[in-house]
1. From the residues in the range 43-82 that are under 17 Å from the mean Cα position of the chain (by Cα) and among the small types (Gly, Ala, Ser), which one is modelled with the lowest pLDDT?
2. Going by the conditions given, is Ala97 farther than 13 Å from Ala18 by Cα and either within 11 Å of the chain's Cα centre (by Cα) or modelled with pLDDT of 90 or more (or both)?
3. Among all residue pairs at least 6 apart or on different chains, which show Cβ distances below 7 Å where the first residue, located in the range 5-29, is over 24 Å from Val61 (Cβ atoms) and the second is part of a helix (DSSP H, G or I) and modelled with pLDDT under 95?
4. Would you tally the residues in the range 82-109 being within 14 Å of Val15 (Cβ to Cβ) and of a type outside the set (Val, Ile, Thr)?
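The values are calculated or read from the model by the stated rules, or taken from the named source; none is laboratory data. If you're wondering where the values come from, they're calculated on a predicted model, not measured in any experiment. Reconstructed Cβ throughout: ideal geometry from the backbone, glycine too, with neighbour counts over all protein chains shown.
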Amino acid sequence: MAPARRTAALLTPLVAAAGTAAGVLVLFFGQRALAPVLAGGPGAACTEPDCVLGVGLWLIVGGVIALCASLLAGTVFRHPDRPVRRGLLIALWCVAAYLVESVVLWILA
């Protein structure tokens, strides 16, 4: 294997994991800032801090799972010609899945 291919093989999972970590952190801290508004809004089933704590724990678990999934997908679906593009695409899908999870969690809270 040529040195360029080895670099490309490592670049895809690294870009995927870094992009996913950045996206998940932005979404997590944004939701953390909006938690009082999201939990105590009109028609909320539970306005207690326990509900927000449960959602926060699931968001942390979901973020770790998204990061692990992006690293695994970056390793499995690496592309020798366009490693950065493939890594960013994987990160986009993992962050989108995290966003869907967080929307579902806030609706259920």
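1. So, considering only residues that are under 17 Å from the mean Cα position of the chain (by Cα) and among the small types (Gly, Ala, Ser), the one modelled with the lowest pLDDT is Gly56.
2. yes
3. Taking only residues 6 or more apart or on different chains, the pairs are Ala8/Pro83; Leu11/Pro83; Leu11/Val84; Leu11/Gly87; Thr12/Gly74; Thr12/Pro83; Thr12/Arg86; Thr12/Gly87.
4. Counting residues in the range 82-109 that are within 14 Å of Val15 (Cβ to Cβ) and of a type outside the set (Val, Ile, Thr) gives 11.
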